[in-house]
Amino acid sequence: MTTQTSIAGIKLKSYVFNASGPRDVTLAELKKIGESAASAIMMKSCTIKPRLGNEEPRYAALPYGSIQSMGLPNLGYQEYIKMIPVLKKYDKPVFASVAGLSPADFPIMVKAFQQSAVDAIEVNLSCPNIKGKPQVAYDFIASANVLKKISRLGKKPLGLKLPAYCDLAQQQMMAKLIKKFGIKFVTCINSLGNCLVIDGHGEKPVIKPKQGLGGLGGQYIKPVALANVRMFYELLPKNINLIGVGGISSGQDAFEFLLAGAAAVQVGTAFQERGPACFNKIDDQLVKILTNKKYPSINSAKGKLKFL
Ligand code: SIN
């Protein structure tokens, strides 16, 4: 059996690909994703102008995940547009990721990607690491303002990368906007923003930017990510696909996201730590679980969480 699936009508050969963030800034890094078993190539969230990102150290591996405050280091959206024809040669979908630093940035980048050969556009409304800029998706008026500007700029599917919501009222508000503006897929969740990890020996935070506050990723946030996938699965029509991200490092993790309702998963911290071999490993393990449980396909298990 295979774990083939689809996101917004775009066919993916497996259930697993990379999250925007780790190892996806340069063409050389993106080519490695192309060569790997990842079923799509997700590019780094880009801004209008190139950015070096925040000061080092800005990433730390932790026993069960990572904390980072990268600050969107990227080459600027025009460089990513130039890379698309090269990346399309890998015979898998290519996803752009855009992260405006102001509302006006979003339509400029979305329009440009709409006119490119990219397959879909993930709109990052949830980067926690830009000094002085709150995560857009916690502000529903600001989010609506962005969505209004970008929703009619072309035919390629638009998705949203959302932050962790810890109250159903927030998910309900966002679900209304997703339906109103014709969003086709939703990626839950970005790293859990503004966490603090302290090195007790040195009596200091483990990363430097923002006095040590950064996005927590990996196993620490899996229950939060699963809950967000599940709640959006309940709140949205089934033709709006969910992509799970947050703590996926094994086939068992991927299977749990599948039960919650995810149509695919993205891998962040595990890809950073283990490199491109992680995609094949996670997908192989998922195949074994599905086979043992006699699920013949991704769709047959999607959303099939049982209740106590
Ligand atoms: C970063 O570059 O700071 C991480 C990207 C994100 O959290 O959206």
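The values are calculated or read from the model by the stated rules, or taken from the named source; none is laboratory data. Computed from a predicted model, the values in this text were never measured in an experiment. So basically every Cβ, Gly included, is an ideal-geometry build from the backbone, and we count neighbours across all protein chains shown. Quick note on the areas: whole protein, heavy atoms, side chains included, nothing else; ligands and nucleic acids left out. Shrake-Rupley method; radii C 1.70, N 1.55, O 1.52, S 1.80 Å.
Measuring nothing but alpha carbons in the chain and taking Rh as the Kirkwood radius, the Rg to Rh ratio lands at 0.94.
Using every pair of distinct Cα positions in the range 58-135, the Kirkwood expression returns a hydrodynamic radius of 14.2 angstrom. The residues of the chain present an accessible area of 44 Å² per residue when probed at 1.4 Å with all protein chains retained.
The three principal axes of the Cα atoms in the range 158-308 give end-to-end lengths of 52, 38, 33 Å, sorted in falling order. A Förster radius of 22 Å, combined with the Cβ-Cβ distance separating ASN145 from GLN78, puts the computed FRET efficiency at roughly 0.35. On the chain, 56 percent of the accessible area sits on carbon and sulfur atoms, based on a 1.4 Å probe.
Note: relative contact order over the range 95-246, using C-alpha pairs below 8 Å and six or more positions apart, is 22 percent.
Using alpha carbon centroids, what distance separates the range 104-149 and the range 15-85, in Å? The range 104-149 and the range 15-85 have Cα centres separated by 17 Å.
Of the three principal axes defined by the Cα atoms of the range 1-157, the extents in descending order read 46, 43, 28 Å. Full extension of the segment from ASN292 to GLU29, taken as 0.36 nm per residue of separation minus the current Cα-Cα distance, would add 91.2 nm. Highest-first packing order for the peptide set 287-298, 264-275, 234-245 is 264-275, 234-245, 287-298, based on the mean count of other beta carbon atoms within 10 Å.
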